[in-house]
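J.: Sharing a structure here in C-alpha coordinates format.
The values are calculated or read from the model by the stated rules, or taken from the named source; none is laboratory data. It should be emphasised that the depicted structure is a prediction, and the values quoted were computed from it without experimental measurement. With ideal geometry, Cβ positions are generated from the backbone for all residues, glycine too; neighbour counts draw on all protein chains shown.
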Amino acid sequence: MFKSILIPIISTSILFASSNLSLIEKAKKNGLLPIPQDTKELSKLIDPNKVITPERVELGKKLYFEPRLSKSSLISCNWCHNLGLGGVDGVPKAIGHLWSGNPRHLNSPTVYNAVFAKRQFWDGRSPSLEDQAMGPIQAGVEMAASKELVVKRINSIPEYIEEFKQAYGKNVKIDFKKIASTIAIFERVLITPSRYDDFLNGKENALNKTEKEGLELFIDKGCVTCHKGIALGGDMQPFELKEKYKYRATGGFNGDKNKMVKVPTLRNITETAPYFHNGMIWNLRDAIKEMSKVQVGFKVEKDKKQDKFDIEIQQIKLTESDIDKIMAFFNSLEGRKPKIEYPQLPKSTLKTPKPETE
(Lines give C-alpha, C1' and ligand atoms only; values in the text may rest on other atoms or scores of the structure.)
Protein backbone atom coordinates (compact mmCIF):
# COMPACT_ATOMS: atom_id res chain seq x y z
CA MET A 1 0.00 0.00 0.00
CA PHE A 2 2.84 2.40 0.75
CA LYS A 3 5.18 2.36 -2.25
CA SER A 4 7.26 5.26 -0.99
CA ILE A 5 8.19 3.61 2.32
CA LEU A 6 11.64 2.24 3.05
CA ILE A 7 12.19 -0.37 5.79
CA PRO A 8 15.97 -0.31 6.28
CA ILE A 9 16.27 -0.98 9.99
CA ILE A 10 15.13 -3.81 12.23
CA SER A 11 15.44 -2.91 15.86
CA THR A 12 14.64 -4.50 19.18
CA SER A 13 14.21 -1.23 21.05
CA ILE A 14 12.47 1.88 19.80
CA LEU A 15 11.43 3.90 22.83
CA PHE A 16 12.76 5.52 25.96
CA ALA A 17 12.35 2.91 28.68
CA SER A 18 14.87 3.83 31.34
CA SER A 19 13.84 2.71 34.80
CA ASN A 20 15.59 5.81 36.12
CA LEU A 21 13.00 8.08 34.53
CA SER A 22 9.77 8.93 36.30
CA LEU A 23 6.65 8.10 34.32
CA ILE A 24 6.01 11.81 33.75
CA GLU A 25 9.52 12.30 32.38
CA LYS A 26 9.23 9.16 30.31
CA ALA A 27 5.95 10.31 28.80
CA LYS A 28 7.34 13.69 27.85
CA LYS A 29 10.53 12.20 26.39
CA ASN A 30 8.30 10.06 24.19
CA GLY A 31 6.42 13.04 22.84
CA LEU A 32 3.40 13.19 25.14
CA LEU A 33 2.58 16.75 26.13
CA PRO A 34 -0.11 18.16 28.40
CA ILE A 35 -2.45 21.05 27.78
CA PRO A 36 -0.59 23.87 29.52
CA GLN A 37 -1.95 25.12 32.82
CA ASP A 38 -0.43 28.56 32.31
CA THR A 39 -2.92 30.76 30.46
CA LYS A 40 -0.21 32.61 28.53
CA GLU A 41 1.34 29.38 27.28
CA LEU A 42 -2.07 28.03 26.36
CA SER A 43 -2.93 31.24 24.53
CA LYS A 44 0.20 30.89 22.40
CA LEU A 45 -1.02 27.48 21.27
CA ILE A 46 -4.68 28.14 20.60
CA ASP A 47 -4.41 31.79 19.55
CA PRO A 48 -1.02 32.37 17.86
CA ASN A 49 -2.41 35.18 15.71
CA LYS A 50 -4.21 36.84 18.63
CA VAL A 51 -7.67 36.76 17.06
CA ILE A 52 -9.69 35.47 20.01
CA THR A 53 -11.94 37.94 21.79
CA PRO A 54 -15.10 37.32 23.86
CA GLU A 55 -17.25 38.98 21.17
CA ARG A 56 -15.83 36.83 18.39
CA VAL A 57 -16.16 33.65 20.43
CA GLU A 58 -19.82 34.39 21.16
CA LEU A 59 -20.53 35.23 17.51
CA GLY A 60 -18.63 32.14 16.40
CA LYS A 61 -20.73 30.03 18.76
CA LYS A 62 -23.94 31.34 17.19
CA LEU A 63 -22.62 30.59 13.72
CA TYR A 64 -21.53 27.12 14.84
CA PHE A 65 -25.12 26.36 15.86
CA GLU A 66 -26.62 28.26 12.90
CA PRO A 67 -28.59 25.89 10.60
CA ARG A 68 -29.19 28.66 8.07
CA LEU A 69 -25.57 28.26 6.95
CA SER A 70 -26.81 25.12 5.18
CA LYS A 71 -28.83 25.00 1.97
CA SER A 72 -31.77 23.39 3.77
CA SER A 73 -31.52 25.67 6.82
CA LEU A 74 -31.56 22.46 8.87
CA ILE A 75 -27.90 21.49 9.28
CA SER A 76 -25.39 23.33 11.47
CA CYS A 77 -21.78 22.53 12.33
CA ASN A 78 -23.12 20.97 15.51
CA TRP A 79 -25.06 18.44 13.39
CA CYS A 80 -21.92 16.35 12.79
CA HIS A 81 -19.84 17.71 15.67
CA ASN A 82 -22.33 17.65 18.51
CA LEU A 83 -20.86 19.34 21.56
CA GLY A 84 -23.19 17.36 23.81
CA LEU A 85 -21.94 14.05 22.40
CA GLY A 86 -18.18 14.40 22.71
CA GLY A 87 -18.01 16.63 19.63
CA VAL A 88 -19.15 13.89 17.21
CA ASP A 89 -22.42 12.63 15.70
CA GLY A 90 -22.24 9.06 16.99
CA VAL A 91 -22.87 7.36 13.64
CA PRO A 92 -20.41 5.46 11.41
CA LYS A 93 -20.56 7.79 8.41
CA ALA A 94 -21.46 11.44 8.37
CA ILE A 95 -25.03 12.24 7.24
CA GLY A 96 -25.69 15.52 5.45
CA HIS A 97 -27.97 17.33 3.00
CA LEU A 98 -31.10 15.37 2.03
CA TRP A 99 -29.97 12.59 4.37
CA SER A 100 -26.95 11.88 2.17
CA GLY A 101 -24.34 9.56 3.66
CA ASN A 102 -20.70 10.43 3.12
CA PRO A 103 -19.82 8.69 -0.17
CA ARG A 104 -16.49 7.47 1.23
CA HIS A 105 -18.12 6.33 4.47
CA LEU A 106 -16.01 8.79 6.47
CA ASN A 107 -16.67 9.20 10.18
CA SER A 108 -16.97 12.67 11.71
CA PRO A 109 -13.98 13.44 13.98
CA THR A 110 -14.45 15.28 17.24
CA VAL A 111 -14.20 19.07 17.23
CA TYR A 112 -12.99 19.12 20.84
CA ASN A 113 -9.24 19.83 20.95
CA ALA A 114 -9.09 20.05 17.14
CA VAL A 115 -7.04 23.20 17.61
CA PHE A 116 -4.09 21.04 18.69
CA ALA A 117 -4.10 18.97 15.47
CA LYS A 118 -1.51 19.78 12.83
CA ARG A 119 -3.86 18.92 9.98
CA GLN A 120 -7.64 18.80 9.46
CA PHE A 121 -9.76 16.23 7.56
CA TRP A 122 -8.86 12.54 7.27
CA ASP A 123 -6.62 13.26 4.28
CA GLY A 124 -5.03 16.25 6.01
CA ARG A 125 -5.88 18.65 3.20
CA SER A 126 -6.55 21.61 5.50
CA PRO A 127 -3.77 23.19 7.56
CA SER A 128 -6.04 25.11 9.94
CA LEU A 129 -9.47 25.28 11.52
CA GLU A 130 -10.16 28.44 9.54
CA ASP A 131 -9.57 26.64 6.26
CA GLN A 132 -11.42 23.52 7.38
CA ALA A 133 -14.54 25.43 8.38
CA MET A 134 -15.16 26.44 4.77
CA GLY A 135 -15.28 22.86 3.49
CA PRO A 136 -18.35 21.21 5.07
CA ILE A 137 -20.54 24.28 4.48
CA GLN A 138 -20.00 23.97 0.72
CA ALA A 139 -19.81 20.17 0.41
CA GLY A 140 -22.82 18.81 -1.45
CA VAL A 141 -23.23 15.83 0.87
CA GLU A 142 -22.87 17.93 4.00
CA MET A 143 -24.34 21.44 4.31
CA ALA A 144 -24.51 21.98 0.53
CA ALA A 145 -24.55 25.80 0.62
CA SER A 146 -22.73 28.05 -1.82
CA LYS A 147 -20.55 30.89 -0.58
CA GLU A 148 -23.01 33.35 -2.09
CA LEU A 149 -26.00 31.84 -0.31
CA VAL A 150 -24.23 31.86 3.07
CA VAL A 151 -23.14 35.48 2.71
CA LYS A 152 -26.59 36.56 1.57
CA ARG A 153 -28.32 34.81 4.47
CA ILE A 154 -26.06 36.31 7.14
CA ASN A 155 -26.13 39.80 5.63
CA SER A 156 -29.94 39.68 5.49
CA ILE A 157 -30.14 39.54 9.29
CA PRO A 158 -29.54 42.93 11.00
CA GLU A 159 -28.57 41.37 14.34
CA TYR A 160 -25.73 39.46 12.70
CA ILE A 161 -24.48 42.57 10.95
CA GLU A 162 -24.39 44.42 14.26
CA GLU A 163 -22.60 41.55 16.02
CA PHE A 164 -19.93 41.40 13.30
CA LYS A 165 -19.37 45.15 13.73
CA GLN A 166 -19.02 44.69 17.49
CA ALA A 167 -16.58 41.82 16.98
CA TYR A 168 -14.46 43.30 14.17
CA GLY A 169 -15.20 47.00 13.84
CA LYS A 170 -17.80 49.00 11.93
CA ASN A 171 -16.02 48.61 8.58
CA VAL A 172 -15.97 44.82 8.65
CA LYS A 173 -16.74 43.02 5.39
CA ILE A 174 -18.98 40.05 6.14
CA ASP A 175 -17.80 37.65 3.47
CA PHE A 176 -17.63 33.86 3.43
CA LYS A 177 -14.07 33.74 4.71
CA LYS A 178 -14.91 35.98 7.65
CA ILE A 179 -17.93 33.86 8.55
CA ALA A 180 -15.89 30.64 8.47
CA SER A 181 -12.96 32.10 10.39
CA THR A 182 -15.32 33.32 13.12
CA ILE A 183 -16.64 29.78 13.53
CA ALA A 184 -13.02 28.63 13.84
CA ILE A 185 -12.38 31.18 16.60
CA PHE A 186 -15.12 29.52 18.64
CA GLU A 187 -13.68 26.08 17.86
CA ARG A 188 -10.27 27.22 19.11
CA VAL A 189 -11.56 27.47 22.67
CA LEU A 190 -13.13 23.98 22.68
CA ILE A 191 -10.38 22.34 24.71
CA THR A 192 -10.84 19.71 27.40
CA PRO A 193 -8.03 19.39 29.96
CA SER A 194 -8.21 16.07 31.80
CA ARG A 195 -6.71 14.12 34.68
CA TYR A 196 -4.07 12.96 32.21
CA ASP A 197 -3.01 16.60 31.76
CA ASP A 198 -3.05 17.12 35.51
CA PHE A 199 -0.68 14.17 35.84
CA LEU A 200 1.75 15.37 33.18
CA ASN A 201 1.62 18.83 34.74
CA GLY A 202 2.98 17.33 37.97
CA LYS A 203 -0.01 16.08 39.96
CA GLU A 204 1.20 12.50 40.44
CA ASN A 205 -1.96 11.28 42.18
CA ALA A 206 -4.20 12.42 39.30
CA LEU A 207 -3.99 8.90 37.86
CA ASN A 208 -4.53 5.70 39.80
CA LYS A 209 -2.16 2.73 39.70
CA THR A 210 -3.92 0.93 36.84
CA GLU A 211 -4.13 4.09 34.75
CA LYS A 212 -0.42 4.71 35.23
CA GLU A 213 0.33 1.16 34.19
CA GLY A 214 -1.83 1.71 31.13
CA LEU A 215 0.05 4.89 30.25
CA GLU A 216 3.36 3.07 30.57
CA LEU A 217 2.12 0.27 28.32
CA PHE A 218 0.84 2.89 25.86
CA ILE A 219 4.41 4.17 25.67
CA ASP A 220 6.26 0.85 25.74
CA LYS A 221 4.04 -0.82 23.15
CA GLY A 222 4.65 1.98 20.67
CA CYS A 223 1.22 3.65 20.60
CA VAL A 224 3.01 6.98 21.04
CA THR A 225 4.61 6.59 17.63
CA CYS A 226 1.42 8.04 16.14
CA HIS A 227 -0.64 9.21 19.12
CA LYS A 228 1.61 11.89 20.59
CA GLY A 229 1.84 15.61 21.16
CA ILE A 230 -0.85 17.58 22.95
CA ALA A 231 -3.49 16.18 20.62
CA LEU A 232 -2.46 12.54 21.15
CA GLY A 233 -2.75 12.41 17.37
CA GLY A 234 -3.61 15.02 14.76
CA ASP A 235 -0.69 14.47 12.39
CA MET A 236 -0.36 12.44 9.18
CA GLN A 237 1.01 8.91 9.32
CA PRO A 238 1.12 5.85 7.05
CA PHE A 239 -1.54 3.27 7.91
CA GLU A 240 -1.66 -0.54 7.79
CA LEU A 241 2.04 -1.04 8.49
CA LYS A 242 1.65 -4.59 9.79
CA GLU A 243 -1.60 -5.95 8.36
CA LYS A 244 -4.60 -4.72 6.40
CA TYR A 245 -7.37 -3.05 8.37
CA LYS A 246 -10.31 -5.40 8.84
CA TYR A 247 -12.85 -3.03 7.28
CA ARG A 248 -10.60 -1.32 4.72
CA ALA A 249 -13.04 -2.01 1.85
CA THR A 250 -15.86 -0.05 3.49
CA GLY A 251 -15.81 3.35 1.83
CA GLY A 252 -12.57 2.68 0.01
CA PHE A 253 -10.66 5.54 1.66
CA ASN A 254 -6.91 4.98 1.39
CA GLY A 255 -5.59 8.32 2.66
CA ASP A 256 -4.02 11.18 0.76
CA LYS A 257 -1.97 10.93 -2.42
CA ASN A 258 0.92 9.51 -0.38
CA LYS A 259 -1.38 7.00 1.37
CA MET A 260 -1.15 8.97 4.60
CA VAL A 261 -4.05 9.15 7.05
CA LYS A 262 -4.63 11.71 9.78
CA VAL A 263 -4.20 10.16 13.21
CA PRO A 264 -7.35 10.80 15.29
CA THR A 265 -7.00 12.33 18.71
CA LEU A 266 -7.40 9.96 21.65
CA ARG A 267 -8.71 12.70 23.90
CA ASN A 268 -12.25 11.83 25.04
CA ILE A 269 -11.89 8.58 23.07
CA THR A 270 -14.33 6.82 25.41
CA GLU A 271 -17.05 9.25 24.23
CA THR A 272 -16.47 9.27 20.48
CA ALA A 273 -17.47 5.83 19.17
CA PRO A 274 -17.60 4.47 16.52
CA TYR A 275 -13.90 4.33 15.67
CA PHE A 276 -11.50 4.46 12.72
CA HIS A 277 -11.87 6.64 9.63
CA ASN A 278 -14.95 4.73 8.46
CA GLY A 279 -16.54 4.25 11.88
CA MET A 280 -16.76 0.49 11.55
CA ILE A 281 -15.75 -0.50 15.09
CA TRP A 282 -17.98 0.42 18.02
CA ASN A 283 -16.23 -1.29 20.91
CA LEU A 284 -13.15 0.56 22.15
CA ARG A 285 -11.57 -2.69 23.25
CA ASP A 286 -11.99 -4.08 19.74
CA ALA A 287 -10.47 -0.88 18.34
CA ILE A 288 -7.37 -1.35 20.48
CA LYS A 289 -7.06 -4.97 19.37
CA GLU A 290 -7.40 -3.98 15.72
CA MET A 291 -4.72 -1.32 16.06
CA SER A 292 -2.39 -3.84 17.69
CA LYS A 293 -2.77 -6.02 14.59
CA VAL A 294 -2.66 -3.26 11.98
CA GLN A 295 -0.20 -0.74 13.32
CA VAL A 296 1.39 -1.16 16.77
CA GLY A 297 5.01 -2.27 16.80
CA PHE A 298 6.57 0.32 14.54
CA LYS A 299 8.47 3.55 14.91
CA VAL A 300 8.03 5.78 11.88
CA GLU A 301 10.38 8.65 11.09
CA LYS A 302 10.13 10.83 8.01
CA ASP A 303 13.22 11.63 5.96
CA LYS A 304 12.28 15.14 4.83
CA LYS A 305 15.07 15.32 2.27
CA GLN A 306 14.01 12.15 0.48
CA ASP A 307 10.30 12.42 1.33
CA LYS A 308 10.33 8.81 2.49
CA PHE A 309 9.88 6.97 5.77
CA ASP A 310 12.27 4.92 7.82
CA ILE A 311 10.52 2.27 9.87
CA GLU A 312 11.97 0.41 12.82
CA ILE A 313 10.17 -2.85 13.52
CA GLN A 314 9.54 -4.30 16.97
CA GLN A 315 7.51 -7.44 17.54
CA ILE A 316 4.80 -6.45 20.00
CA LYS A 317 1.72 -8.22 21.31
CA LEU A 318 -1.00 -6.99 23.63
CA THR A 319 -2.41 -9.36 26.24
CA GLU A 320 -5.94 -9.03 27.58
CA SER A 321 -4.42 -7.60 30.76
CA ASP A 322 -2.51 -5.04 28.71
CA ILE A 323 -5.71 -3.97 27.00
CA ASP A 324 -7.49 -3.65 30.36
CA LYS A 325 -4.80 -1.25 31.54
CA ILE A 326 -4.74 0.78 28.34
CA MET A 327 -8.52 1.05 28.54
CA ALA A 328 -8.13 2.34 32.08
CA PHE A 329 -5.62 4.92 30.87
CA PHE A 330 -8.05 6.03 28.17
CA ASN A 331 -10.59 6.82 30.91
CA SER A 332 -8.18 9.46 32.20
CA LEU A 333 -8.39 11.23 28.82
CA GLU A 334 -12.00 12.22 29.40
CA GLY A 335 -11.67 15.97 29.65
CA ARG A 336 -13.45 18.77 31.45
CA LYS A 337 -15.73 20.30 28.82
CA PRO A 338 -16.31 24.05 28.56
CA LYS A 339 -19.83 25.03 29.52
CA ILE A 340 -21.73 25.73 26.31
CA GLU A 341 -25.18 27.31 26.44
CA TYR A 342 -27.24 26.90 23.29
CA PRO A 343 -27.54 30.40 21.83
CA GLN A 344 -30.73 32.21 20.90
CA LEU A 345 -30.25 32.89 17.20
CA PRO A 346 -31.46 36.10 15.54
CA LYS A 347 -34.63 35.94 13.46
CA SER A 348 -34.72 35.82 9.69
CA THR A 349 -36.12 38.70 7.61
CA LEU A 350 -38.07 38.87 4.37
CA LYS A 351 -34.71 39.26 2.63
CA THR A 352 -33.33 36.01 4.06
CA PRO A 353 -33.11 33.35 1.31
CA LYS A 354 -35.62 30.58 1.92
CA PRO A 355 -34.63 26.98 2.76
CA GLU A 356 -33.98 24.63 -0.15
CA THR A 357 -34.95 21.11 0.80
CA GLU A 358 -35.17 19.42 -2.57
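J.: So which residues in segment 241-268 are of a type in the set (D, E, K, R) and more than 24 Å from Phe116 (Cα to Cα), if there are any at all?
T.: Lys242, Glu243, Lys244, Lys246, Arg248
J.: So, in segment 201-235, how many residues would count as being at pLDDT below 95 and among the acidic types (Asp, Glu)?
T.: 2
J.: Could you count how many residues in segment 272-319 are modelled with pLDDT under 55, under 30 Å from Pro92 (Cα atoms) and not aromatic (Phe, Trp, Tyr)?
T.: Looking only at that region, the number is 2.
J.: Only one of these is of a type in the set (Phe, Trp, Tyr) and farther than 27 Å from Lys118 by Cα: Phe164, Phe186, Phe199, Phe176. Name it.
T.: The conditions single out Phe164.
J.: Restrict the check to segment 236-257 and report whether at least one residue is closer than 30 Å to Val57 by Cα and crowded, with 22+ Cβ neighbours inside 10 Å.
T.: no
J.: While we're here: Taking segment 67-122, which residues are surrounded by fewer than 17 Cβ atoms within 10 Å (Cβ to Cβ), over 13 Å from the mean Cα position of the chain (by Cα) and part of a loop (DSSP other than H, G, I, E, B)?
T.: Hits for segment 67-122 are Leu74, Gly84, Leu85, Gly90, Val91, Pro103.
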